[in-house]
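The values are calculated or read from the model by the stated rules, or taken from the named source; none is laboratory data. Remember, it's a predicted structure, so these values are computed and weren't measured experimentally. No Cβ is skipped: glycine too gets one built from the backbone with ideal geometry, and neighbour counts run over all protein chains shown.
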Amino acid sequence: MRRDPPSAANTAATHAGLASARVRDRMVERVRELGVRDGRVLDALRAVPRHAFVDEALASRAYEDTALPIGHGQTISQPYIVARTAELALEGIAEPRSARVLEVGTGCGYAAAVLAQLFGDVVSIERLRALHERARENLRGLRLANLRLVFGDGSRGVEQAAPFDVIVAAAAGDVIPPAWVQQLKPGGRIVAPVGADEQTLVVAQKGENGALVRRATEAVRFVPLRGGVG
Ligand code: SAH
């Protein structure tokens, strides 16, 4: 297991007992009760200190199974959703340690850190510069050599790092952007919320012939996927 980064927020949280194994275990147990049974995912959740990704004022709530504000109108995803997305991503991948993943919507970097525990190579793109930089700071102490952060509009994918075995999105568009399908390897999969008012978490697998086979899993609520950068 990795050690917590020695950041100021982390030290404060440790003093408050927030980083204790018991508090983290309770969060992981809650996620398991909600149906995430993949032990690799539960171990990854246990390994990443979520309090290091939220403002100090919210650190006392970091291990609740809930989304929390991270500024700029965005949120850190609910742990259950991060876990469920990771579980669906892993499902189709025989050797996750040699798989390359694109995450669209880095936000504070929490899900990227969880994905980096599970997959060989993770690229995460964020369209808001302030959050991209915040994520870089949040992640510094974790020293995840297999995680790369990119600033830009992820609805165009990340051409220079393609092709990907998996693309996961943390923001919902009306459709799956064509660039993602193009940048996905045959046999690879996309896990993404799709829809406007009503969103569904969709798993789309790319066949050897290039066609997508979609499956809707559950109703979800993500922030919108927006074009351009800010
Ligand atoms: N993965 C984060 C969730 C962040 S919320 C976590 O671990 O909690 C989703 C993020 O997607 C927001 O930061 C938002 O700015 C970003 N986003 C929305 N549209 C985007 C786009 N087209 N490209 C890149 N990021 C985008």
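Tell me which residues, restricted to the stretch 174-220, are modelled with pLDDT under 95 and under 27 Å from Gly73 (Cα atoms).
Within the stretch 174-220, Ala196, Asp197 meet the criteria.
Condition first: more than 14 Å from the ligand (Cβ to nearest atom) and hydrophobic (A, V, I, L, M, F, W, C). Now tell me which residues in the stretch 139-153 satisfy that.
Across the stretch 139-153, the qualifying residue is only Ala145.
Contact list please: Cβ distance under 6 Å, first residue in the stretch 131-155 and modelled with pLDDT of 95 or more, second residue acidic (Asp, Glu), pairs at least six apart or on different chains.
Qualifying pairs under 6 Å: His132/Glu126; Asn146/Asp121.
When you scan the stretch 150-179, how many residues do you find that are aromatic (Phe, Trp, Tyr) and over 20 Å from Gln205 (Cβ atoms)?
1
Only one of these is under 25 Å from Trp180 (Cβ atoms) and either within 11 Å of the ligand (Cβ to nearest atom) or acidic (Asp, Glu) (or both): Val82, Val54, Val123, Val36. Name it.
Values: Val54 fails: under 25 Å from Trp180 (Cβ atoms); Val123 fails: either within 11 Å of the ligand (Cβ to nearest atom) or acidic (Asp, Glu) (or both); Val36 fails: either within 11 Å of the ligand (Cβ to nearest atom) or acidic (Asp, Glu) (or both).
Of Val82, Val54, Val123, Val36, the one residue that is under 25 Å from Trp180 (Cβ atoms) and either within 11 Å of the ligand (Cβ to nearest atom) or acidic (Asp, Glu) (or both) is Val82.
Taking only pairs six or more apart or across chains, which ones have beta-carbon atoms under 8 Å, a first residue in the stretch 89-117 that is among the polar types (S, T, N, Q), and a second residue that is more than 16 Å from the ligand (Cβ to nearest atom)?
Short answer, once both residue conditions are applied: Ser98/Gly120; Gln117/Asp43.
Check Gly230, Gly188, Gly195 and return the single one that is touching a residue at least 40 places away in the same chain (Cβ under 8 Å) and either more than 14 Å from the ligand (Cβ to nearest atom) or surrounded by 21 or more Cβ atoms within 10 Å (Cβ to Cβ) (or both).
On the way: Gly230 fails: either more than 14 Å from the ligand (Cβ to nearest atom) or surrounded by 21 or more Cβ atoms within 10 Å (Cβ to Cβ) (or both); Gly195 fails: touching a residue at least 40 places away in the same chain (Cβ under 8 Å).
Answer to the selection: Gly188.
Residue check: is Ile167 surrounded by 17 or more Cβ atoms within 10 Å (Cβ to Cβ), touching a residue at least 12 places away in the same chain (Cβ under 8 Å) and assigned to a loop (DSSP other than H, G, I, E, B)?
Working: surrounded by 17 or more Cβ atoms within 10 Å (Cβ to Cβ): yes; touching a residue at least 12 places away in the same chain (Cβ under 8 Å): yes; assigned to a loop (DSSP other than H, G, I, E, B): no.
Spelling it out, it is not the case that Ile167 is surrounded by 17 or more Cβ atoms within 10 Å (Cβ to Cβ), touching a residue at least 12 places away in the same chain (Cβ under 8 Å) and assigned to a loop (DSSP other than H, G, I, E, B).
Since Asn209 meets every condition but one in (1) under 25 Å from Tyr80 (Cα atoms); (2) free of Cβ contacts under 8 Å to residues at least 40 places away in the same chain; (3) surrounded by fewer than 16 Cβ atoms within 10 Å (Cβ to Cβ), which condition does it not meet?
Here Asn209 meets the rest and fails (1).
Within the stretch 87-110, does at least one residue satisfy the condition of being over 21 Å from Gly71 (Cα atoms), modelled with pLDDT of 95 or more, surrounded by fewer than 21 Cβ atoms within 10 Å (Cβ to Cβ) and within 12 Å of the chain's Cα centre (by Cα)?
yes
Determine which member of the set Arg140, Arg129, Arg214, Arg134 is crowded, with 16+ Cβ neighbours inside 10 Å, among the charged types (D, E, K, R) and on the phi < 0 side of the Ramachandran plot.
Numbers: Arg140 fails: crowded, with 16+ Cβ neighbours inside 10 Å; Arg129 fails: crowded, with 16+ Cβ neighbours inside 10 Å; Arg214 fails: crowded, with 16+ Cβ neighbours inside 10 Å.
Residue meeting the stated conditions: Arg134.
May I ask you to list the residues in the stretch 69-84 that are free of Cβ contacts under 8 Å to residues at least 60 places away in the same chain, assigned to a helix (DSSP H, G or I) and within 17 Å of Ala172 (Cβ to Cβ)?
Within the stretch 69-84, Tyr80, Val82 meet the criteria.
Check whether at least one residue in the stretch 154-175 is more than 13 Å from the ligand (Cβ to nearest atom) and of a type in the set (Lys, Arg), and report yes or no.
no
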